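Reviewing the structure listed below.
What follows is calculated from the coordinates using simple rules that are stated; it is not laboratory data. Here the structure is a predicted model, which means the values were calculated and not measured. Ideal geometry is used to build each Cβ from the backbone, glycine not excepted, and the neighbour counts take in all protein chains shown.
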Amino acid sequence: MLKKLNRGIYRMPAEWEAQKSTWIAWPHNDKDWPGKFEEIPFIFAKIIAELSKVQLVNVLVKNDAEKVNAIFFLNILEGKIKNIRFIICKTDRAWTRDFLPISIKNSRNKSLLSNWEFNAWAKYKNFENDNNAYKKVQKFTKKKILDPKYKSKKVVLEGGSIDVNGFGYLLTTKQCLLSKIQQRNKGFNKFDYHKIFNKFFGIKKIIWLNKGIFGDDTHGHIDDIARFVGKNKIFVAKESNSKEKNFKNLKENWEILKKFKVENDRKLKIVGLPMPKPKFIDGVRVPASYLNFYIANKIVLVPIFNDPKDKIILKIFKKHFKNRKIVPIDCSILVWGFGTIHCITQQEPR
């Protein structure tokens, strides 16, 4: 058992804490949604439009023509254009959760940007634009940039691989950060990550789940299987069909969380979210999960999949987010890119 660490130099706020804005990149890489890209800008515009009604949204566009295109869709969907700021910035893909800086705060509650190395999930060769997008974010926000290093090396980390409660606890998976095939930080072990996350995120204890879901091409990102929704409350993906591929992995994760204890020997409150039925597009399994939601200031954007369980899920969200409006977003096509709402958003806390 690793020793619990005291709070580090910085703190990563929880997603539900007050936000200044949300960062999104306008989609342009049609290879992420082969054969279905024409439908994708409309879905992005729907997400941006809903967010713009409650807070600022910063949208990365590769050029002025793309900005004009985005405004066209946003006007159709009645987005609040005055709350949408466009920044010219080339990107390789639109998964901002994984390549944009992660906001943290220092002991004086001042917000900074932690810029982690991005290697496109160790799967693609074209990620230079994504890995350099932090420069535009820093220029726009005028915030100090930190480049987390450990053992003299920049640390590879995607935002979708972690989730925090803002009070010293972090969720992640062994499959993503510790498996030999993940190729993110070769040779790092649990102790290494404890030191890194303690220093830059204020983490006292890491909750290590085992594996993610089938269809996920990120090697087990946490934001498809378990998410903090309160200081000691976690939403967890649950599969009831024992013959389904995800059944074993999700059951193991559930058992780990059931045994985990926080301060004063208290257990976490665990809320199970049923998985939608397995979803395939053009014969390929995609990571359809209700856990890829995004919490904004006054709303929660929830992915739905034209599945009978959609209604059950929305009732669960309404029960646990009484002070926020629940906004369902049809992600049946968006998930063809192997990610949905949380994957394309990155929060900037106040």
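In segment 144-166, which residues are part of a loop (DSSP other than H, G, I, E, B) and surrounded by fewer than 17 Cβ atoms within 10 Å (Cβ to Cβ)? If you could, list the steps in order and put the result at the bottom.
Of the residues in segment 144-166, the ones part of a loop (DSSP other than H, G, I, E, B) are 144, 147-148, 151-152, 155, 157-158, 162, 165-166.
Lys144, Asp147, Lys151, Ser152, listed by residue number.
Please find, among Ser107, Ser52, the residue that is of a type in the set (S, T, N, Q) and crowded, with 17+ Cβ neighbours inside 10 Å. Break it down into steps so the answer makes sense when it comes.
Details: Ser107 fails: crowded, with 17+ Cβ neighbours inside 10 Å.
Among Ser107, Ser52, only Ser52 is of a type in the set (S, T, N, Q) and crowded, with 17+ Cβ neighbours inside 10 Å.
Quick check on my filter: what residues within segment 257-268 are closer than 26 Å to Lys315 by Cβ and surrounded by 14 or more Cβ atoms within 10 Å (Cβ to Cβ)?
Keep residues of segment 257-268 that are closer than 26 Å to Lys315 by Cβ, which gives 257-258, 267-268.
Correct list: Leu257, Leu268.
Kindly check whether there is at least one residue in segment 225-242 that is farther than 21 Å from Gln182 by Cα, of a type in the set (Ser, Thr, Tyr) and assigned to a strand (DSSP E or B). Talk me through it step by step, then tell me what you get.
Going residue by residue through segment 225-242, those that are farther than 21 Å from Gln182 by Cα are 227-242.
If we keep only those that are of a type in the set (Ser, Thr, Tyr) as well, we get 240, 242.
Those still in the list that are assigned to a strand (DSSP E or B) too: none.
No - not one qualifying residue is present in segment 225-242.
Scan segment 20-39 residue by residue and report those that are crowded, with 19+ Cβ neighbours inside 10 Å and over 13 Å from Phe338 (Cβ atoms).
If the condition is that a residue be crowded, with 19+ Cβ neighbours inside 10 Å and over 13 Å from Phe338 (Cβ atoms), then Ser21, Thr22, Trp23, Ile24, Ala25, Trp26, Pro27, His28 are the ones that fit.
Output the helices (runs of 4 or more DSSP H) that fall wholly within segment 44-133 and possess 3 or more residues being among the charged types (D, E, K, R) and out of contact with any Lys or Arg (no Cβ under 7 Å at 6 or more places or on another chain), or say none.
Details: elements: 64-76, 96-99, 128-132.
Helices (runs of 4 or more DSSP H) meeting the threshold: 64-76.
Check every one of the strands (runs of 3 or more DSSP E) wholly within segment 274-350 and list those with 1 or more residues that are acidic (Asp, Glu) and surrounded by fewer than 17 Cβ atoms within 10 Å (Cβ to Cβ). Working first, answer last.
Values: elements: 279-281, 284-286, 299-304, 325-330, 346-349.
So the answer is 325-330.
Would you pick out the residues in segment 44-59 that are within 17 Å of the chain's Cα centre (by Cα) and not polar (S, T, N, Q)?
Phe44, Ile47, Ile48, Leu51, Val57, Val59
So which residues in segment 181-205 are in contact (Cβ under 8 Å) with a residue 12 or more places away in the chain, in a loop (DSSP other than H, G, I, E, B) and not charged (D, E, K, R)?
Ile181, Gln182, Gln183, Asn185, Phe188, Gly202, Ile203
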